[in-house]
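**Student:** One structure, pasted below without further comment.
Nothing in this text is a laboratory measurement; each read-out follows from the coordinates by a stated rule. Keep in mind that this is a model prediction, so the values were computed, not measured. Ideal geometry is used to build each Cβ from the backbone, glycine not excepted, and the neighbour counts take in all protein chains shown.
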Amino acid sequence: MTELAPIDRTRAIHPAAAAYARAGKDEAAPTIRRGTDHVEVSELATYLAKIRQLPIRQELVDRVRDEISRGEYDTPDRVEAAVEELLKDL
């Protein structure tokens, strides 16, 4: 708590701020050095970010939700087509 200035602001809040305040116009301000950060983004994260940018076909989503709620979406023909597509991927 000793780094906090009193209400009358006669002292700097932080030592770095005090050094900066002491630097005159002819003097260079103190340099604050910070470390560098490094971020690695996985291929999966990059792929997911691209997917999130795709437009949502809301009319299709609404139609499918409606068919599911009425029990009309899982027809034998659709199940067979889905199984055939899955078997192609194997």
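**Student:** Output ³J(HN,Hα) for the range 40-47: one whole-Hz value per residue in order, computed from phi by the Karplus curve 6.51 cos²θ - 1.76 cosθ + 1.60 with θ = phi - 60°, and x for Gly and Pro.
**Tutor:** Each residue's phi maps through the Karplus curve to give 10, 10, 6, 4, 4, 5, 5, 4 Hz.
**Student:** Along the positive direction of the dipole of the range 43-89 (beta-carbon charges: Lys, Arg +1; Asp, Glu -1; about the Cα centre), which of I56, L86, T46 reaches farthest?
**Tutor:** My answer, from the dipole projection, is T46.
**Student:** Dipole size in debye (nearest 20) for the range 43-89 around its Cα centre, Lys and Arg Cβ +1, Asp and Glu Cβ -1?
**Tutor:** Value, rounded to 20: 340 debye.
**Student:** In Å³ and rounded to a whole number, note down the convex hull volume per residue for the Cα atoms of the range 43-89.
**Tutor:** So the per-residue Cα hull volume is 103 Å³.
**Student:** Counting other beta carbons within 10 Å of each Cβ, put V39, V61 in order, fewest first.
**Tutor:** The order, fewest Cβ neighbours first, is V39, V61.
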